[in-house]
Amino acid sequence: MSPIVELNIGGEVYTTTLSTLKKHPGSKLADMFTGQPKLRTDTEGRFFIDRPGTYFKYILEYLRSNQVPTQCIQDVYKEALFYDIEPLVKQLEDSPQIFGEVVARKQFLARVPNYSENIELMIRIARAEAVASRQSSVMVCVVRTEEDAAKCHNALNSLDMDKKSVVKFGPWKATPSISDLLDCIKMDIEAKGYKISFQPHITEKGFRFKSYDFFYKFLFTWW
């Protein structure tokens, strides 16, 4: 192979050296250019990689000068994982953005049973109720302890609604509060492109449980 390499990364064209691309032996990127080329070429003969080209410039800058990017951290992190450039991955994981997400928030959510499945269930319920409507709502029950889970179960039996349509989160063993989990639910649904808000569920007078301790209404706005 020529020591000068032209790349087409998702439509963005880059020129670099073979030694730069192979700077970290064992990485996926280095393996692409070790031995016989393992990549397709475009009509101009440039090696083609079907990844977002916008962020490859940060990968290339790191390979050239060991400069860790300070912009687009989340997106560059995904590319560093794809190209398996371990030193860059580790340095990015030390950044506040990645550390807070990977070490703090995701470690908390991993302790909330069926969190990801419940997010998808909420979206399915909301979409099913969206026909000819501007908004649709999903009832959520959030309990932090086993004791609260039992109280929630009793309260749920007294609610005048289809129990199958209530999505239950918890209990969990971690320091974040119920409000922290509610913020996570909103954040992760918004990350999928939905417009959403939530508020405590208010029941009729005389209801024998303080339902606002457990139940929240999430409102999806479609237009």
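The values are calculated or read from the model by the stated rules, or taken from the named source; none is laboratory data. The structure presented is a predicted model; accordingly, all values stated were derived computationally and were not measured. Counting neighbours? That spans all protein chains shown, and the Cβs are built from the backbone with ideal geometry, glycine included. Accessible surface is based on the protein model in full, side chains and every heavy atom, while ligands, DNA and RNA are left aside. Shrake-Rupley method; radii C 1.70, N 1.55, O 1.52, S 1.80 Å.
A compact table of results
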| item | result |
| --- | --- |
| Single condition ARG105 does not satisfy, out of (1) in contact with a His (Cβ under 8 Å, 6 or more places away or on another chain); (2) in contact (Cβ under 8 Å) with a residue 60 or more places away in the chain | (1) |
| Matching residues, segment 40-61, being open to solvent by less than 40 Å² (accessible area, probe 1.4 Å) and either small (Gly, Ala, Ser) or not in a helix (DSSP H, G or I) (or both) | ASP42, PHE47, ILE49, GLY53 |
| Odd one out for SER158 among (1) modelled with pLDDT under 90; (2) of a type in the set (Gly, Ala, Ser); (3) surrounded by 14 or more Cβ atoms within 10 Å (Cβ to Cβ) | (3) |
| Residues (small (Gly, Ala, Ser) and either in contact with a Gly (Cβ under 7 Å, 6 or more places away or on another chain) or open to solvent by 80 Å² or more (accessible area, probe 1.4 Å) (or both)) located in segment 1-15 | GLY10, GLY11 |
| Whichever residue in segment 98-120 is closer than 26 Å to THR70 by Cβ and aliphatic (A, V, I, L, M) and, among such residues, is most open to solvent (accessible area, probe 1.4 Å) | VAL103 |
| Which listed residue is hydrophobic (A, V, I, L, M, F, W, C) and in contact with a helix residue (DSSP H, G or I) (Cβ under 6 Å, 6 or more places away or on another chain), from ILE73, ILE85 | ILE73 |
| Some residue of segment 121-131 being open to solvent by 70 Å² or more (accessible area, probe 1.4 Å), modelled with pLDDT of 90 or more and not in a helix (DSSP H, G or I) | yes |
| Which numbered condition PHE33 misses (of (1) in contact with a helix residue (DSSP H, G or I) (Cβ under 6 Å, 6 or more places away or on another chain); (2) open to solvent by less than 30 Å² (accessible area, probe 1.4 Å); (3) at pLDDT 95 or above; (4) among the aromatic types (Phe, Trp, Tyr)) | (3) |
